[in-house]
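These notes concern the structure reproduced below.
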Amino acid sequence: PDRLPAGPFLAYTDATSPRLTAALILAALDWRDRHGKGVSLDFSQAEGGIHFLSEAVLDQAVNGYSQSRLGNSDRWSAPHGAYCCDATTDAWIAIACETDEQWAGLARLLGRDDLAGLAVSDRFVRTDELDELIAAFVVGRNPEELQTQLQAAGVPAHSVQNSPEAIADPQLLHRDHFHEVPHEVYGHTWAEQYGFRLSRSNGSPRRAGPMWGEHNFDILTDMLWYSGDQIADLVVAGVLE
């Protein structure tokens, strides 16, 4: 919480806005089919992203609570964090107790049955103490083996994965999450699958993202109906560079 904000590896709305855009386009097509007229689409990626901040916006408007950085903590769950198993290999495990039952399971593994009955309000008060207990419990342990043990006890937990570990994850391999697609320059590259699967169409990506200007001619001729001379003029003017 004392650090500057540390976001994900991309703009989060880069992932959410295409889904909202798809719904917007479907709505426009439905309108066209029912009324015979097209519509103009005005969609802001930033404004669409506010939808995913609705809890924070309402908390500020209704309760006057201004959310800030919490590190790996959570406002509703405790314990909730990432704990270091081995600092030399940068091995960590994430653990989150969302219910009293999950905490009771973790307390038993910690050998602290006397703490199993702590309600979430009590756990928030004793967060530092509980984090120290968990840190001592996980240190020197294998994250994957620890993950299996914790999950078997009903405790939500998972090893913190780097890129090589993520692409070797058994569940992601089973789901074909990292899907190989052809690439114009490199022969092939990888695309992430969607989290859902369709019974009549697997919906898998079929190609990589286009190269710069790869579809210029198709768009200009098939969609915008530019003539060869008009396209030549654009080329000469440097518009397509």
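The values are calculated or read from the model by the stated rules, or taken from the named source; none is laboratory data. For clarity, every value in this text was computed on a predicted model and none was experimentally measured. Cβ sites come from the backbone with ideal geometry, for glycine too, and all protein chains shown count toward neighbours. Areas reflect the complete protein model, heavy atoms only, side chains present, ligands, DNA and RNA absent. Shrake-Rupley method; radii C 1.70, N 1.55, O 1.52, S 1.80 Å.
Brief remarks follow.
- Amide H contacts of Trp92 (H built 1.01 Å from N, in plane; Pro and chain starts excluded): Cys85, Val160 sit under 5 Å, all sequence-distant by 5 or more or on other chains.
- Gain in span if fully extended, Ala28 to Glu98, counting 0.36 nm per residue against the direct Cα distance: 21.2 nm
- Neighbour cut-off at most 10 other Cβ (10 Å), DSSP loop, GluC sites (Glu not before Pro), the range 90-186: none
- Over the chain, dividing the summed -39,500 (n - 2.57) contributions of all DSSP H runs of at least 4 residues by the number of residues returns a 222 nm mean residue ellipticity of -10500 deg cm²/dmol.
- Range in the chain, longest, excluding exposed chymotrypsin sites (Phe, Trp or Tyr not before Pro) [loop by DSSP; at most 10 other beta-carbon atoms within 10 Å]: 77-185
- Charge dipole (debye, nearest 20) of the range 50-207; +1 at Cβ of Lys and Arg, -1 at Cβ of Asp and Glu: 580 debye
- To put it simply, the accessible area of the chain at a 1.4 Å probe is 56 percent carbon and sulfur.
- Across the range 102-241, counting alpha-carbon atoms alone, Rg and Dmax equal 26.7, 83 Å.
- Computed 3J(HN,Hα) for the range 59-76, one whole-Hz value per residue from the Karplus formula 6.51 cos²θ - 1.76 cosθ + 1.60 where θ = phi - 60°, is 4, 5, 5, 8, 9, x, 8, 9, 5, 9, 5, 10, x, 8, 6, 9, 6, 10, glycine and proline marked x.
- Of the residues Asp176, Asp100, Asp74, the one that moves most in a GNM of the chain with alpha-carbon contacts below 10 Å is Asp176.
- Its Cα centre serving as origin, the range 1-88 has a Cβ charge dipole (Lys and Arg +1, Asp and Glu -1) of approximately 220 debye.
- The spacing between the range 1-18 and the range 137-171, judged by their C-alpha centroids, is 24 Å.
- Solvent exposure of the range 96-191 amounts to 60 Å² per residue of accessible area, where only protein heavy atoms count and the probe is 1.4 Å.
- For the range 104-165, the equivalent ellipsoid derived from the Cα gyration tensor has semi-axes of 23, 13, 11 Å, listed largest first.
- Averaging 1/r over each pair of different alpha-carbon atoms in the chain and inverting the result gives 23.2 Å, the Kirkwood hydrodynamic radius.
- Environment charge of Tyr226, counting only residues whose C-beta is closer than 14 Å and scoring Lys/Arg +1, Asp/Glu -1: -4
- Toward the positive end of the charge dipole of the chain, with +1 on the Cβ of Lys and Arg and -1 on the Cβ of Asp and Glu, the farthest Cα among Ala82, Leu20, Phe9 is that of Leu20.
- Translational D in µm²/s for the range 126-204 (Stokes-Einstein at 37 °C, 0.692 mPa s, Kirkwood Rh from C-alpha pairs): 208 µm²/s
- Across the range 23-164, Cα-Cα distances exceeding 26 Å account for 47% of all pairs.
- GNM on the chain, alpha-carbon springs under 10 angstrom: the most fluctuating residue among Ser73, Ser17, Ser163 is Ser17.
- Normalised radius of gyration (Cα atoms, divided by 2.2 N^0.38 Å) for the range 5-84: 1.58.
- Across the chain, the longest run free of exposed loop sites, meaning trypsin sites (Lys or Arg not before Pro) lying outside DSSP classes H, G, I, E and B with no more than 10 other Cβ atoms within 10 Å, spans 38-199.
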